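Here is the structure we will look at.
The values are calculated or read from the model by the stated rules, or taken from the named source; none is laboratory data. In this text the structure is predicted, and so the values were computed from the model without any measurement. When we count neighbours, we look across all protein chains shown, and the Cβ atoms used for this are built from the backbone with ideal geometry, even at glycine.
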Amino acid sequence: MPPHRLAESSLLFISRLTWLSQPLRHDILINVVNAFRLITENTFRGRAWDQPCLDASIQSFRSAHPRPEGAPSPPKPWAIVTGGNTGIGYETAKSLVAAGFRVVLACRSEERARGAIERMRGELATRYGQDNELVTELDATVHFLPLDLASLPSVRAFVPLFERISLEDGLHVLVNNAGIMDVPFALTQDGYEQTVAINYLAPFLLTVLLLPCMIRTTVAPTPRIVVVSSVSAYAATRPGPLGSVAAGPEYVRFTTDTNFSQPGAYAMSKLCDLLFVRYLARRLSTSPSSSPTPRPVITINACHPWGVNTGIFRHNPSIQSLADRGRLDNFLRTPAAGATTPVYLAVSPEVEGITGQYFDDLCVMKVPRVVDDEGAQEELWRRSLTMCGMQLEEAERDLANYQDIIN
């Protein structure tokens, strides 16, 4: 077994041990597993392979979708990256720009987004040259649009803003990247616990509202949805204080701090991500008369980026202490390494037509058993629509329109 696969197995084993004991602190769990990975494979932090992996995905996309020279080129495809101003999101957005996309940085702060664009300009100039069109056309290629995932009204307001700048070109790639972890109990203005709301509910609403944009995308490449999830989803499937899908529809909503735990909320949000990915993949697949096999035209996949040196750990005292001592790089991947799988899922021809899967380091991995429970998927779908203030009929109409177009 490769060392990093052994590390993942160790993580799952440790999470299973918590069935017999008190909930294991998520920060300790992450530290143990990443330390084990460091011992077993020193280069696995991403310093040796992050950029080659990103370059391979970028080049494979550009080769599969060449832009003609000496003739009017078709419009560049559109991509949206939530949290695209920093961390994994920034590296993902930069790679999509290099692949030839127009990219929207969907985040709260315009100042930070503008700073990210200037940083991107400098890094692209260093890599490709100051006169390269990636640099000279950057202002027309990368856009900021405000999005606060702690506010469902903000999510709703984002969609018409995107439609205004994308016109009739549709949407080719949506990367639901932004998230939080290890934050104290608090309710959003919509009345939902903030971890589940930001990591799952808001991306759910954003995806559903953007489906019409993706449905009308008629030119190559095939539209793709990428959800940055986590192996922590496994921890949410055990019985106990964290709750479980079997406990009923309220498992997606913490409204009081009774039995609340930070790792529990994070794990549950990531389990919801996987259930949603499986459900939507099933609904977005169709069976043409010529083939008995469901054929997706919009694909959706999830991935685990592993522990990455980004701002997501700022609320985690143990990992922050490592940063304060200058030792964080010994435990965590670089943001570029963390972006390798999201970028791969967004652009690589190797995953064309693959949908509903959970990836780790470019490989399909097993999911918790409950993720394949269609009843749990459908219950979460209905419950989430209600929580977002959407009518079931409204969402079903969009899916029906999709099926009509494909068939």
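Quick look at the values:
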read-out: Selection count where residues are touching a residue at least 24 places away in the same chain (Cβ under 8 Å), surrounded by fewer than 17 Cβ atoms within 10 Å (Cβ to Cβ) and hydroxyl-bearing (Ser, Thr, Tyr), scope the range 122-153; value: 1
read-out: Gly375 at pLDDT 80 or above, under 21 Å from Asp273 (Cβ atoms) and part of a loop (DSSP other than H, G, I, E, B); value: no
read-out: Test result for Phe158, crowded, with 21+ Cβ neighbours inside 10 Å and either of a type in the set (S, T, N, Q) or in contact (Cβ under 8 Å) with a residue 12 or more places away in the chain (or both); value: yes
read-out: Qualifying residue in the range 318-335 (condition: at pLDDT 90 or above, outside any helix (DSSP H, G or I) and within 29 Å of Val183 (Cα to Cα)); value: no
